[in-house]
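> One structure follows; several queries about it will come next.
Values quoted throughout were computed directly from the atomic coordinates according to the rules given, and no laboratory measurement underlies them. Please read these numbers as outputs of a predicted model, since none were measured by experiment. In this analysis, Cβ positions are derived from the backbone assuming ideal geometry, glycine residues included, and neighbour counts consider all displayed protein chains.
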Amino acid sequence: MGRWEPNAQGRLEQAAMELYVERGFDQTTVAEIAKRAGLTERTFFRHFSDKREVLFWGASSLQELMVDAVTNAPSSLGPIATIASALEAAGALLEQRREYPRLRQTIIDANPELQERELIKLASLAVAMTDALHQRGVGDPTARLAAETGIAVFRIAFDRWISEDGGRSLCQIIRASFGELKEMTASG
């Protein structure tokens, strides 16, 4: 086995994604992922707690990025604009690996257990951003409403982005979606 080769986590991730697409998430085993990557199951478990984590391992980094963006946003920004800036920071990160989020979402959409896990991740992001807004002095229900609205906008923008053929960036779609929200709420 090629344990000494670099980027074991990346190789495991790539092998898992290939197998999830070829065979389906439920039909893929950790042993098969490790074998495809040229590694051992033990190495797999050094990087991921289970095969779902291949799809969700970056959630804590994404949350940290978004919370930092809320925390460091200019004090002149209101709650929804602060959340928008955090979502754009996340969008810029996701843009770096455009095909991966598309493939990941296809795998998640095909599995109810993974869909549930994705919803939990999004709810956790909303709670973390609500807490960050509280730290900025924004009270409830404003903080929670801004964060939950932001997550809804992000989900819709993300779905648009992965279905488009590369015309607009995720950040552009997030901005446009917030613009649509503003128009919708202004018109009563």
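> Return the label of the correct value of Cα extents along the principal axes in Å, as calculated from the structure shown, out of (i) 62, 41, 32; (ii) 59, 34, 27; (iii) 65, 32, 27.
Only one listed value fits the structure, namely (ii).
> Label Glu113 and Asp26 with points 7 Å out from Cα along Cα→Cβ: what is the distance between them in nm?
0.9 nm
> Sort Tyr100, Tyr20 so the one with the fewest other Cβ atoms within 10 Å of its own Cβ comes first. Present the calculation step by step, with values, prior to reporting the outcome.
Working: Tyr100 14, Tyr20 25.
Least crowded to most crowded, the residues run Tyr100, Tyr20.
> Tell me which lysines have Cα within less than 18 Å of Lys35's Cα, excluding those fewer than 8 residues away on the same chain?
Qualifying lysines at Cα under 18 Å: Lys51.
> Could you list log10 I(q)/I(0) for segment 82-188 at q = 0.10, 0.15, 0.20, 0.23 Å⁻¹, which the Debye formula gives when each Cα is one point scatterer?
With no solvent term, the Cα-only Debye profile gives -0.30, -0.68, -1.12, -1.31.
> Run lengths n ≥ 4 of DSSP H only: what is the helix-derived mean residue ellipticity at 222 nm for the chain, with -39500 (n - 2.57) per run over all residues, to the nearest 500?
Values: 10 runs with 140 residues, N = 188.
Using -39500 (n - 2.57) per qualifying helix, the result is -24000 deg cm²/dmol.
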